[in-house]
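What follows is one structure encoded as structure tokens, with my remarks underneath.
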Amino acid sequence: MLLVKTRIGPSTIDGTELFAAEFIPKGTRVWDYRPDFDLDLTQDQIDALPEIAKRFALRYAYHSKFTGKWILCADDGRFFNHSDKPNTTSIDSPDGLVNAEVASRDIQSGEELTTDYRSFDSDFERKMQMY
């Protein structure tokens, strides 16, 4: 669940991107996984989807290294793009199961929000080959 004001638009990285719609100070929580809001799907649930929905889920969901489930953001959080030098950092909760994104530096309004998929998505390699 996004916790800051954002907008989506064309990306300089890949397709559609998430942009800050306000100044975000370093250390601000930008996104939290919320089981009462975001979807967590098993592989069987993904496999049971119609093909077009399955492709959507596999593109926009991440495969959690912590739970082994596919997490699909219910809001525009799914438009974070990967960067080797992201402006957000993934953090884990004390139980190691829930992750969040925190601004790793001040982020200006209008700046693309990026994260390092490798820190939480075990499907990272496949995604990078496809897109």
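Any read-out appearing in this document is the output of simple, stated calculations on the displayed coordinates, not a laboratory observation. Bear in mind that the values here come from a model prediction, so they are computed numbers and not experimental data. We place every Cβ from the backbone using ideal geometry, glycine too, and count neighbours over all the protein chains shown.
For the chain, the number of Lys pairs with C-alpha atoms closer than 18 Å, counting only pairs eight or more positions apart or on separate chains, is 7. Quick check: the angle from helix 51-60's long axis to the longest principal axis of the chain, C-alpha only, nearest 10 degrees? Taking the Cα atoms of the chain, the angle to 51-60 is about 30 degrees. Label sites at K5 and K26, each approximated as a point 7 angstrom past Cα along Cα to Cβ, lie 2.4 nm apart.
Rounded to the nearest Hz, the phi-derived 3J(HN,Hα) couplings of segment 114-122 under the Karplus curve 6.51 cos²θ - 1.76 cosθ + 1.60 (θ = phi - 60°) are 10, 9, 9, 3, 4, 6, 9, 10, 6, where x marks glycine and proline.
As an exercise, use a Förster radius of 25 Å and the Cβ-Cβ distance of F37 and S83 to find the FRET efficiency, rounded to the nearest 0.05. Computed FRET efficiency for F37 and S83 comes out at 0.50. What separates the Cα centres of segment 25-55 and segment 63-127 is a distance of 12 Å. Distances between placed amide hydrogens fall under 5 Å for L3 paired with W31, D32, all partners being 5 or more residues away or on another chain. Residue-wise HN-Hα couplings along segment 2-18, as the Karplus relation 6.51 cos²θ - 1.76 cosθ + 1.60 with θ = phi - 60° gives them from phi, are 5, 10, 10, 6, 9, 9, 10, x, x, 9, 7, 9, 6, x, 9, 9, 9 Hz; Gly and Pro carry x.
Protection proxy ranking, highest mean first, for peptides 23-36, 1-14, 112-125: 112-125, 23-36, 1-14, where packing is the per-residue count of other beta-carbon atoms within 10 Å, averaged.
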